[in-house]
1. Taking only pairs six or more apart or across chains, which ones have beta-carbon atoms under 9 Å, a first residue in region 32-52 that is assigned to a loop (DSSP other than H, G, I, E, B), and a second residue that is of a type in the set (Phe, Trp, Tyr) and at pLDDT 95 or above?
2. Run Leu15 past the list (1) modelled with pLDDT of 95 or more; (2) more than 14 Å from the chain's Cα centre (by Cα); (3) part of a loop (DSSP other than H, G, I, E, B) and report the number of the one that doesn't hold.
3. Being in contact with a Gly (Cβ under 8 Å, 6 or more places away or on another chain), of a type outside the set (D, E, K, R), surrounded by 15 or more Cβ atoms within 10 Å (Cβ to Cβ) and without any contact (Cβ under 8 Å) to a residue 40 or more places away in the chain, is that true of even one residue in region 75-82?
4. Being under 14 Å from the mean Cα position of the chain (by Cα), small (Gly, Ala, Ser) and at pLDDT 95 or above narrows it down to one of Gly24, Gly29, Gly49, Gly75, so name that one.
5. Report the residue count in region 154-170 for those that are assigned to a loop (DSSP other than H, G, I, E, B), at pLDDT below 75 and surrounded by 11 or more Cβ atoms within 10 Å (Cβ to Cβ).
6. Among what's in region 103-147 and is without any contact (Cβ under 8 Å) to a residue 40 or more places away in the chain and of a type in the set (Val, Ile, Thr), pick the residue that is surrounded by the fewest Cβ atoms within 10 Å (Cβ to Cβ).
7. Got at least one residue in region 87-108 being under 15 Å from the mean Cα position of the chain (by Cα), part of a loop (DSSP other than H, G, I, E, B) and not hydroxyl-bearing (Ser, Thr, Tyr)?
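The values are calculated or read from the model by the stated rules, or taken from the named source; none is laboratory data. Predicted, not measured: the structure shown is a model, and the values here were computed from it. Using ideal geometry, Cβ is built from the backbone for each residue, glycine included, and neighbour counts are taken over all protein chains shown.
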Amino acid sequence: MGETQIPWQTVVTFLEARRGLLDGVVFSGGEPTLQPDLESAIKQVKALGFRIGLHTGGPYPGRLAQVLPLVDWVGFDVKAPKKAYDRITGARRSGVKAMRSLRLLLDSGVAYDLRTTVHPDLLSKEELLELAAEVSDAGGKDHRIQRFRPDGCADAELINSPNVALGIRP
């Protein structure tokens with residue numbers, strides 16, 4: 001366990017004390033579908049009576065498929081048009097996995113929020129239009145574009161980009 005990790009039982013104890021005060025719990029991250037025990041954690045929290053939300057970028061479609069029947073809402077981060085995914089994420093075949101996850105989500109009937117965070121140095125206007133078309137063609141509704149904010153970003157080059165400081169948009 002890392003220095004900043006909280007033992008799971010501490011989380012469960014906290015949630016038990018919050019029954020009736022909180023409506024739901026959102027599993028967020030990093031990437032929560034990376035966690036092998038995500039399904040059992042969601043089941044445990046759901047058994048306490050909480051609604052369940054999930055934030056994901058969809059890199060693990062198999063695990064997403066396991067938990068979709070258990071969640072009430074998904075915040076899905078669509079990183080880029082499919083052809084630019086590997087460049088944006090730095091992970092091979094990440095676009096294929098993300099689009100498979102998007103398809104699973106859209107077919108599931110689970111409520112969702114589709115969003116793309118845009119750094120002006122990473123995606124062009126043309127790529128954003130291509131992405132919007134891909135999401136629309138897949139059946140996604142209300143896809144939102146949100147501006148990059150440097151808080152929490154570990155990449156100094158992205159944080160210190162003059163385009164971010166100037167508020168330049170693609």
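1. Pairs found: Gln35/Phe27.
2. Status for Leu15: all satisfied but (3).
3. yes
4. Gly75
5. 3
6. In this case the residue turns out to be Ile145.
7. no
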